[in-house]
Each structure stands twice: as structure tokens, then as C-alpha cells.
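Novice: Could you have a look at this structure, given as C-alpha cells, before my questions?
The values are calculated or read from the model by the stated rules, or taken from the named source; none is laboratory data. Remember, predicted model here, so these are calculated numbers, not experimental data. Cβ coordinates were reconstructed from backbone atoms using ideal geometry, including for glycine residues, and neighbour counts include every protein chain displayed.
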């Protein structure tokens, strides 16, 4: 009697468990996916150089701020060249960048870091090329006046045909005065030349144009003193 009761209880419990949890045998599970391949991290880089001046960056260069999660050594792979200069790019991250003649502003190139298994996302190297002051260019001038007659030339005077590559304002600076007369040369290029009494012929003086930082070549101003 007791055995029958125990069997009934066991069968009841087994039925409940089977109803809730099924047969108790888990179905086959798919294999776990392989761990993800962690790609290297490449960070953007920024450099500066002056107009007309090559930029040489030694190793590790662009790789200095990049890293690999597994500690694998990295190499640099060029993706795109700079549009405003020439580039020599090495796998150790070192490079030499030469801006095009006369170029100033911002130039860029891109690369990826590789650990031999995977590559990083594309990183950008930005190079700012700063403008440098270029000296002015002064050109010779010629004028005429009559004997015993002062010559007065208003501004910009001798600076009229002078130029500055950077567009800076110019001033005139006397280098040597005339030998056959007197001269007052003003910074704005205006001047007054007074020939010596009775002098006829050719007299001259020299000057330089200044942009405040650099001086031009020496230019010659020729004055012909004519007989009426």
C-alpha cells in the first residue's frame, strides 16, 4: 500500500517536472563564435612647418600615438598622398614632407596602422605650412629735371614699381645719396632732389624698400639734369 502511494507521488512529481522543463535533456547548442579580432587603433597626427621648408619626422613618427590591444608591433601603411606637397613615407612611421613651392596653408595625408593581422581605421595626418616673410623687390627708377631746377616727386615715388611677395606695406630707406645735388628722401617714397648750381648730366642715388622685417635689393634712382 505504502509502496503504491510512493510510486504515485513519484510519477506525479516526474510528470510536473517533465511538463515544466521538458524531458530534462538540453538540445545541442551551436558553437560559440571566435573572439573578435581587435584591430589596432590609429590616432590623427598634427605637425607644422614653414613655407618652402621640408618636414622630417623620425620613427616612430605617426605610430607614436597608435597602439595594439594585443601588444603586437605596428607598421604604417600609406593610404593617400598630400595634394600640396611630396611625401616619402616609411613603414616605421617616419616620413619626410616637402610643401610645394609657394604653398601655405593646411595639407593632409592618410594612413593605417597594421599589426600584421588586421589594420586600423584610416587616420589623418594634418600639416600646417606657415607663411614666411619674403623680402621686397625694388626696381630701378629714372627721372629728369632741368638745370638749376629742383625735382619733387610725390608718394609713392620710388616705391611705385616695387613689390612685396607677402603684400606688406613698404617704406623707402636711403642707401647712398647723389653726388651732384642734395636729396630729401621720405619713407613714403616721395623725394626732392636739388641739383648743384649749374650742374648738367646724370646723377643718382640708391635706396632699399623695407616691409618692416626685411630689406629689398638695392635699387638705383637715376636723374638726368638737362640743359634747357
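Novice: For residue 196, state whether it is surrounded by fewer than 16 Cβ atoms within 10 Å (Cβ to Cβ), within 21 Å of residue 144 (Cα to Cα) and at pLDDT 95 or above. Let's see the steps before the verdict.
Specialist: Numbers: surrounded by fewer than 16 Cβ atoms within 10 Å (Cβ to Cβ): yes; within 21 Å of residue 144 (Cα to Cα): yes; at pLDDT 95 or above: yes.
So residue 196 passes the test.
Novice: Going residue by residue through region 55-70, is there one that turns out to be assigned to a loop (DSSP other than H, G, I, E, B), in contact with a helix residue (DSSP H, G or I) (Cβ under 7 Å, 6 or more places away or on another chain) and not assigned by TED's automatic domain parsing to the domain that holds residue 166? Explain how you work it out, then say what you get.
Specialist: Of the residues in region 55-70, the ones assigned to a loop (DSSP other than H, G, I, E, B) are 58-60, 64-66, 68-70.
Next cut, in contact with a helix residue (DSSP H, G or I) (Cβ under 7 Å, 6 or more places away or on another chain) only: none.
No: region 55-70 contains no residue that is assigned to a loop (DSSP other than H, G, I, E, B), in contact with a helix residue (DSSP H, G or I) (Cβ under 7 Å, 6 or more places away or on another chain) and not assigned by TED's automatic domain parsing to the domain that holds residue 166.
Novice: Out of (1) part of a loop (DSSP other than H, G, I, E, B); (2) surrounded by 17 or more Cβ atoms within 10 Å (Cβ to Cβ); (3) touching a residue at least 60 places away in the same chain (Cβ under 8 Å), the odd one out for residue 139 is which?
Specialist: Of everything listed in (1) part of a loop (DSSP other than H, G, I, E, B); (2) surrounded by 17 or more Cβ atoms within 10 Å (Cβ to Cβ); (3) touching a residue at least 60 places away in the same chain (Cβ under 8 Å), residue 139 misses just condition (2).
Novice: Which of (1) in contact with a strand residue (DSSP E or B) (Cβ under 8 Å, 6 or more places away or on another chain); (2) more than 22 Å from residue 119 (Cβ to Cβ); (3) at pLDDT 95 or above is the odd one out, the single condition residue 58 does not satisfy?
Specialist: (1)
Novice: Ok, one more. Taking region 119-136, which residues are outside any strand (DSSP E or B) and surrounded by 16 or more Cβ atoms within 10 Å (Cβ to Cβ)?
Specialist: Listed by number, the residues that qualify are 120, 134, 135, 136.
Novice: Could you list, in sequence order, the residues of region 181-191 that are surrounded by fewer than 16 Cβ atoms within 10 Å (Cβ to Cβ) and either at positive phi or in a strand (DSSP E or B) (or both)?
Specialist: First pass over region 181-191, keeping only residues surrounded by fewer than 16 Cβ atoms within 10 Å (Cβ to Cβ): 182, 184, 187.
182, 184 - these are the residues of region 181-191 that are surrounded by fewer than 16 Cβ atoms within 10 Å (Cβ to Cβ) and either at positive phi or in a strand (DSSP E or B) (or both).
Novice: Checking residue 171 against (1) touching a strand residue (DSSP E or B) at 6+ places or on another chain (Cβ under 7 Å); (2) modelled with pLDDT under 95, which test does it fail?
Specialist: (2)
Novice: Further question on the same structure: Just for region 152-180: of the residues that are assigned to a strand (DSSP E or B) and buried (at least 19 other Cβ atoms within 10 Å of the Cβ), which one is farthest from the chain's Cα centre (by Cα)? Lay out the reasoning, then the answer.
Specialist: Keep residues of region 152-180 that are assigned to a strand (DSSP E or B), which gives 152-153, 163, 171-176.
With the extra rule that they be buried (at least 19 other Cβ atoms within 10 Å of the Cβ), the set shrinks to 153, 172.
Working: 153: 43, 172: 33 Å.
Checking each candidate, the answer is 153.
Novice: Return yes or no: is residue 146 closer than 30 Å to residue 203 by Cα and either at pLDDT 95 or above or assigned by TED's automatic domain parsing to the domain that holds residue 176 (or both)? Walk me through it before giving the result.
Specialist: Numbers: closer than 30 Å to residue 203 by Cα: yes; either at pLDDT 95 or above or assigned by TED's automatic domain parsing to the domain that holds residue 176 (or both): yes.
Considered against the rule, which asks whether it is closer than 30 Å to residue 203 by Cα and either at pLDDT 95 or above or assigned by TED's automatic domain parsing to the domain that holds residue 176 (or both), residue 146 comes out as yes.
Novice: Going by what's in this entry, would residue 147 be described as surrounded by 14 or more Cβ atoms within 10 Å (Cβ to Cβ), farther than 13 Å from residue 221 by Cβ and touching a residue at least 24 places away in the same chain (Cβ under 8 Å)? Before the answer, list the steps.
Specialist: Numbers: surrounded by 14 or more Cβ atoms within 10 Å (Cβ to Cβ): yes; farther than 13 Å from residue 221 by Cβ: yes; touching a residue at least 24 places away in the same chain (Cβ under 8 Å): yes.
Considered against the rule, which asks whether it is surrounded by 14 or more Cβ atoms within 10 Å (Cβ to Cβ), farther than 13 Å from residue 221 by Cβ and touching a residue at least 24 places away in the same chain (Cβ under 8 Å), residue 147 comes out as yes.
Novice: Could you run through region 211-228 and say how many residues are touching a strand residue (DSSP E or B) at 6+ places or on another chain (Cβ under 9 Å) and surrounded by fewer than 21 Cβ atoms within 10 Å (Cβ to Cβ)?
Specialist: Step one: filter region 211-228 for residues touching a strand residue (DSSP E or B) at 6+ places or on another chain (Cβ under 9 Å), giving 211-212, 215-228.
From what's left, surrounded by fewer than 21 Cβ atoms within 10 Å (Cβ to Cβ): 211-212, 215, 217-218, 220, 222, 224, 226-228.
Going through region 211-228 one residue at a time, the tally reaches 11.
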